[in-house]
Amino acid sequence: MSTPRNTAPSHDTELSHARWRKSSYSGGANDCIEIAELPGRIAIRDSKDTQRQPLLFSRTALHALVHGIGHWPIG
């Protein structure tokens, strides 16, 4: 009996084809984050250090993170 091969693309393959975007509010200082939509997840990286491994989140987890940040008390 043969072992099934994993045919899903690796994170490295997905990231090499990623289309990175950053907010239009970031200005030109290159001091923000960039996001890329991947199959089934979202990648986030530091725009100052694009060679560093990005963080990967499910869409649900990223939504919860952004929603939670929006409800932090200020000051």
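Suppose the filter is touching a Leu at 6+ places or on another chain (Cβ under 9 Å) and on the phi < 0 side of the Ramachandran plot; does Ile42 pass it? Considered against the rule, which asks whether it is touching a Leu at 6+ places or on another chain (Cβ under 9 Å) and on the phi < 0 side of the Ramachandran plot, Ile42 comes out as yes. A Cβ distance below 6 Å, combined with a sequence gap of six or more or placement on separate chains, defines the contacts here; from region 55-74, residues that are touching a residue at least 24 places away in the same chain (Cβ under 8 Å) and under 19 Å from Ala36 (Cα atoms) reach residues that are surrounded by 10 or more Cβ atoms within 10 Å (Cβ to Cβ) and among the hydrophobic types (A, V, I, L, M, F, W, C) in the pairs Leu56/Ala43.
Do any strands (runs of 3 or more DSSP E) entirely within region 23-75 hold 2 or more residues that are surrounded by fewer than 10 Cβ atoms within 10 Å (Cβ to Cβ), in contact with a Ser or Thr (Cβ under 7 Å, 6 or more places away or on another chain) and not polar (S, T, N, Q), and if so, which?
Numbers: elements: 33-38, 41-46, 55-57.
It comes to none.
Read the figures in this text as sums done on the coordinates, not as results from a lab. Please read all numbers here as calculations on a predicted model, not as lab measurements. Every residue, glycine as well, gets a Cβ built from its backbone with ideal geometry; the counts of neighbours run over all protein chains shown.
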